[in-house]
Structures are given as structure tokens and as C-alpha cells.
Amino acid sequence: MKKLFLSLLTLAVALPSQAAETRTLPAPVITGGMPLMEAINARQSGRDFSARPVDDQTLGEILWVAWGQNTRGKRTIATARNLQNMQLYLATPEGAWKYHGATHSLEKVTDENLIPYCTKQDFVPKAPVHLIYAIEDNTRGHNHVGSAYQNVYLYATWKGLSCVIRGMIDIPALNKALRLPEGQTVALHQCLGWPENK
């Protein structure tokens, strides 16, 4: 039995590990834009989505304002006690991706389409961008999610995107599909896209 175990262990070590699929995003443009006070005044939730796709530059900037790193190596949002205990995922029909702010890249975590777990309202499937915020349970992670989705709202206002934050989602199913470890949970879902008149 011991020999069999050692043989299986040797085989497992010898097999090449399958690297996760990754995507590097275009660098965000961090100059210009709408004056802050105008963006705050104009910010609103929008549930009107067209079929127009969101380009990679815009997608990368959405992710960067939510959970990226600025030119000083700091997060684009404040985190309580610098815990940084939030994860950001992008859901697409082709699967879900984890966003890494330090490298401004996406790492695929599943081929499963998770959008149906977020579609308790009719307008949701029309949105081309789906952000899923996950946190360590029983911590201040909810505060971080609030900071992140507000940054996304302000960016969407400047860019002319429809944007809405949502809690009507199947959290247990998303936790399982994302293979979140014990102690972590999905908190909220945010969808974005171009409105019909854009």
C-alpha cells in the first residue's frame, strides 16, 4: 500500500500542472474625465442595457477603479485597517475571472456561466459586464465593497454607462461555483453596459 501511495505521489509531481488562463488588460487612462462634483451630482442607477459590447479598455478601467492599484502601489479604494479582504470577479457567458489589481489582469476560475445565478430581475441578462464582489465573512469587507462599487458608479457616470448594484442573487450557488474557501462569501453583484440610446 505504501509503495502504491508513493507511486501515485511521484506521478502527481511528474505531471505538468495546468496553468490557469489569464488575460492582461490595457493600462487605464488616469487623466481627464468629468469633474468629481459633477459626477457625484449625476450619479444614478441605470437598468437599461443595449447589445453594444464593452471594449477591453473600458472593461479594464471599470475593474481598475473598483480594485486596482494606483501609481503609488496603493488600492484605488480605502480598506479598513488595510485588510484588503475583498475579491473581485468578472462573470461572462464563457466563465468567471478573478481580477488581480497588482498585475491588472484576469485569471479564469471557472468555465461555468455564473450570470444565471444573478438573474432574478429581467434586465440583468442584457448587461454585458457583471462584477461579483466577494469578502471574508464577519469582517469589514462590506465596507470595501461599498467603496468599490461607488467608484464604479462614478466611473460609469463619467463614461455614460448604465450601472446598478444588486443583492438579489443566489449567494450559495455563486460561492460554490467560484470555489470560495470557507470563511469567504459573495456579497453583491454589479452590472454595467451601454444604455440603448448610446
Once both label points are put 7 Å beyond Cα along the C-beta direction, the residue 123-residue 107 separation in nm becomes 3.4
Using only the Cα atoms, what convex hull volume per residue in Å³ does the range 110-152 have?
109
With Cα coordinates, the longest principal axis of the chain makes an angle with the long axis of helix 2-14, in degrees rounded to 10, of 40
Rounded, prolate or oblate for the range 113-198? Axes are the square roots of the Cα gyration tensor eigenvalues, ordered a ≥ b ≥ c, and the cut-off for rounded is a/c under 1.5.
oblate
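Given a Förster distance of 25 angstrom, what is the FRET efficiency for residue 70 paired with residue 24, based on the Cβ-Cβ distance and rounded to 0.05?
Details: r = 18 Å, r/R0 = 0.72.
The value I calculate is 0.90.
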What 222 nm value per residue comes from the helices of the chain, counting each DSSP H run with n ≥ 4 as -39,500 (n - 2.57) and dividing by all residues, nearest 500 deg cm²/dmol?
-9000 deg cm²/dmol
Computed over the chain: longest principal axis from alpha-carbon atoms vs helix 56-67 long axis, angle to nearest 10 degrees, is 80
Quick one: Cα centre-to-centre distance for the range 37-86 and the range 124-147, in angstrom?
11
The number of Lys pairs in the chain whose alpha carbons lie under 29 Å apart, excluding pairs fewer than 8 residues apart on one chain, is 20
Dipole of the range 91-194, Cα-centred, from +1 at each Lys and Arg C-beta and -1 at each Asp and Glu C-beta, to the nearest 20 debye?
260
Give me the angle, in degrees from 0 to 90, between the Cα long axis of helix 141-159 and the longest principal axis of the Cα atoms of the chain, rounded to the nearest 10.
50
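Under the classification rounded if a/c is under 1.5, otherwise prolate if a/b is larger than b/c and oblate if not, where does the chain fall, given a ≥ b ≥ c as square roots of the Cα gyration tensor eigenvalues?
Values: a/c = 1.92, a/b = 1.71, b/c = 1.12.
Cα axes put the chain in the prolate bin.
What is the range 35-88 by shape, rounded, prolate or oblate, if you read a ≥ b ≥ c off the alpha carbon gyration tensor as root eigenvalues and call it rounded for a/c under 1.5, prolate for a/b larger than b/c, and oblate otherwise?
prolate
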When ranked by the protection proxy of mean other Cβ atoms within 10 Å per residue, highest first, what sequence do the peptides 173-180, 84-91, 31-38, 52-59 form?
84-91, 173-180, 52-59, 31-38
Residue 55 versus residue 82, label points 7 Å from Cα toward the beta carbon: distance in nm?
3.8
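Bear in mind these aren't lab numbers, they're just calculated from the coordinates by the rules spelled out. None of the values given here were measured: they were computed from a predicted structure. No Cβ is skipped: glycine too gets one built from the backbone with ideal geometry, and neighbour counts run over all protein chains shown.
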